[in-house]
1. Over the Cα atoms, compute the radius of gyration (one decimal) and Dmax (the largest Cα-Cα distance, rounded to a whole number) for region 248-326, in Å.
2. Find out how many positive minus negative residues lie around N337, taking Lys and Arg as positive, Asp and Glu as negative, among other residues whose Cβ is under 15 Å from that of N337.
3. Report ³J(HN,Hα) in whole Hz for each residue of region 14-31, in order, from the Karplus equation J = 6.51 cos²θ - 1.76 cosθ + 1.60 where θ = phi - 60°; Gly and Pro get x.
4. Mind checking the angle between helix 138-148 and the chain's longest principal axis? C-alpha axes, 0 to 90 degrees, to the nearest 10.
5. Per DSSP H run of n ≥ 4, the term is -39500 (n - 2.57); total these for the chain, divide by its residue number, and report the mean residue ellipticity at 222 nm rounded to 500 deg cm²/dmol.
6. Could you please state how large a percent of the accessible area of region 116-247 is carbon and sulfur, counting protein chains only and using a 1.4 Å probe?
7. Too long at a 21 Å Cα-Cα cut-off: which of K30/K55; K176/K214; K81/K103?
8. If the cut-off is 16 Å between C-alpha atoms, which aspartates and glutamates fall inside it for K54, apart from same-chain ones fewer than 8 positions away?
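The values are calculated or read from the model by the stated rules, or taken from the named source; none is laboratory data. Only a predicted model underlies this, so the values are computations on that prediction, with no experimental measurement involved. Don't worry about glycine lacking a Cβ; one is built from the backbone with ideal geometry, like all the others, and counts go over all protein chains shown. Remember, those area values only see protein heavy atoms, side chains included, never the ligands or the DNA or RNA. Shrake-Rupley method; radii C 1.70, N 1.55, O 1.52, S 1.80 Å.
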Amino acid sequence: MNEKEFLQKLLSLKEWHTFECKRALIQPAKLLETMVAFANSDGGTIVIGLEDPKKANGEKRLLGISENLDNVSNFLTLINKEIEPVITPTKFEIPITNINGIKDNLMILTIEKSDNIHSLKKGDTFVRNGNQNIKIGSVEIIRLKREKGAVAFEKEIPAKIALSDLDEQLLDVYKKNVQSKEEKIESFLKDNGLALIRNGKCIINNAGALLFCKNPSISLGMKCGIKISHYYGDKISYSGKPNFVKRPFTIEGPLINQIEKAVAYFKETVNSSPPKLKGATFVPSLLIPEWAFQEAVTNAVIHRNYFTQNDIQIRFFDTRIEIESPGTYPGHITVNNIRHERFSRNPTVERTLNRFRNAPNLDSGEGVNRIFSIMK
């Protein structure tokens, strides 16, 4: 779009979760709070020199940055001094004619969602909620770090897990798949990021438990399985008799086994779906490709937030399948960049699953794009 169309687009936007406009008269500290809130949440855009839509309409909002150039300059200087870690926004200006009929500019700053947690040097940390910047405390900061993947669940040490809790057969398969010659299982686990040695003892971490415990849900004392619910029709019935095809069930066990069992149920469902005539051949009516389903489930298992006490939810309907992964998008990932950006919340889990000979994941960074392509 040209500059005029772009300006009209700006004037049509309301302040919300990812957009804020401010006069150049605003205190620089308030703009810094918004930058921190955007970076800690889903990113956003700040327009300086544009009046709040609640206070003026249309082109009467075009005040421009000349209203207080010193204030704007001070704000740009403080960005690198008052925020930790530093945020580097994308910045540009567009020409306008302000309400006084004078040539002026609007300044536009785009702040990307960050992998880090950002704070003002004075200690305040903010997130975005609707059109408000919300100050959060230490408990919420820890939760936010976990959501973003800045704190790794897989490296934490759970309550004592013995080697006898591990699935020896699965471990043997993995060792053969990676062609390991290591005879001591303790050393093998340590060398693969699944345990550490402390005072001569092998201590299994959360990644090791998720991948190789006979039942991680029991060993870790948390929900880390896959819950499958299968419904008649295309929506859930909340009144009268539940419209389940069969009683909902949970798949537990090592992560690779969970994925395999979920895919097996998918195959069974496809094969038993009511046939439809296509040309001279009857084909299953559920036409979601197996690879797309497997990739989506694997993606959920690898990138879910394991700090969240919930199972992955898979819901089968006559017209679609829903896969819900606990937690929000990790790191800098958003709904807008998920097809071309990468961030692994659980890299050890991802790497280990990929090294099985029958790996459910390609680890090529193209999974989501391939799902879109193959579904199309």
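1. 14.2, 51
2. Taking every Cβ under 15 Å from that of N337, the sum is -1.
3. Karplus values, whole Hz, x for Gly and Pro: 9, 5, 7, 4, 10, 8, 8, 10, 9, 6, 5, 7, 4, 5, x, 4, 5, 5.
4. The angle comes out near 70 degrees.
5. Calculated from helices alone, the mean residue ellipticity at 222 nm is -10000 deg cm²/dmol.
6. 48 percent
7. Working: K30/K55 18 Å; K176/K214 19 Å; K81/K103 31 Å.
Going by Cα-Cα distance, K81/K103 fall outside the 21 Å limit.
8. Result set, ordered by chain and number: E15, E20.
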